[in-house]
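Contents: one structure, followed by commentary.
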Amino acid sequence: MSLNESTVEDAALTWFGELGYAICHGPKLAPSEPAAERDSFGDVVLVGRLRAAIERLNPAIPEEAREDALRKVLRVGTPSLTQTNPTFHAMLRDGVPVETKRVDGSIAGDHARLIDFDDAKAND
């Protein structure tokens, strides 16, 4: 048996399907397909799904702060992979730090959640 990308993808999809996740083969989401969810094959994040999750999980945070959280996730600003991994892990675990403007004009810190830890089935 040869090991190639298709073999790994099929194994991962089977495993995630057995865990109860909704699965879909990558070519169905590919650019120029009717159900495309990415602009290019270089896009590793399904931005529409991530944006929807941030909105659903953080309704009390203003839209501007939710979009800031999305930008921070998509462009983790660290110079190396060894720094990026723990930074991204912290965002997944603790939420993305954002600032919101209060009614009185002051700035407050908050965290935009990316994962619903209370209801794992609500995650996509």
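Rule-based calculations on the coordinates, nothing more; no lab input. Keep in mind that this is a model prediction, so the values were computed, not measured. Methodologically, a virtual Cβ is constructed for each residue, glycine included, from the backbone with ideal geometry; neighbour enumeration extends over all protein chains shown.
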Handout entry: For GLY95, distant residues with modelled amide H under 5 Å away
Key = LEU114
Practice task
Would you compute, from DSSP H runs of 4+ residues alone, the mean residue ellipticity of the chain at 222 nm, taking -39500 (n - 2.57) per run and dividing by the full residue count, rounded to the nearest 500?
Solution key: -13500 deg cm²/dmol
Completion exercise
Rounded to one decimal in nm, the spacing of the 7 Å Cα→Cβ label points at LYS121 and ASP94 is 3.2 nm
Problem - In Hz, Karplus ³J(HN,Hα) per residue of segment 81-91 (6.51, -1.76, 1.60; θ = phi - 60°; x = Gly, Pro) - result: 4, 5, 8, 5, 4, x, 5, 5, 4, 4, 5
Problem - Hz values of 3J(HN,Hα) by residue in segment 70-79 - Karplus curve (6.51, -1.76, 1.60), Gly and Pro given as x - result: 4, 4, 5, 5, 6, 9, 4, x, 10, x
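At a 10 angstrom cut-off on C-beta neighbours, averaged per residue, how do the peptides 57-63, 19-25 rank from highest to lowest? Intermediate results must be reported in sequence, preceding the final value.
On the way: 57-63: 14.1, 19-25: 10.4.
Going from most to least packed, we get 57-63, 19-25.
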Handout entry: Shape metrics for segment 60-124, restricted to C-alpha atoms - Rg then Dmax, Å
Key = 13.3, 40
Practice task
Scan (1) 1.18; (2) 1.25; (3) 1.41 for the value of Cα Rg over 2.2 N^0.38 Å calculated from this model and give just the label.
Solution key: (2)
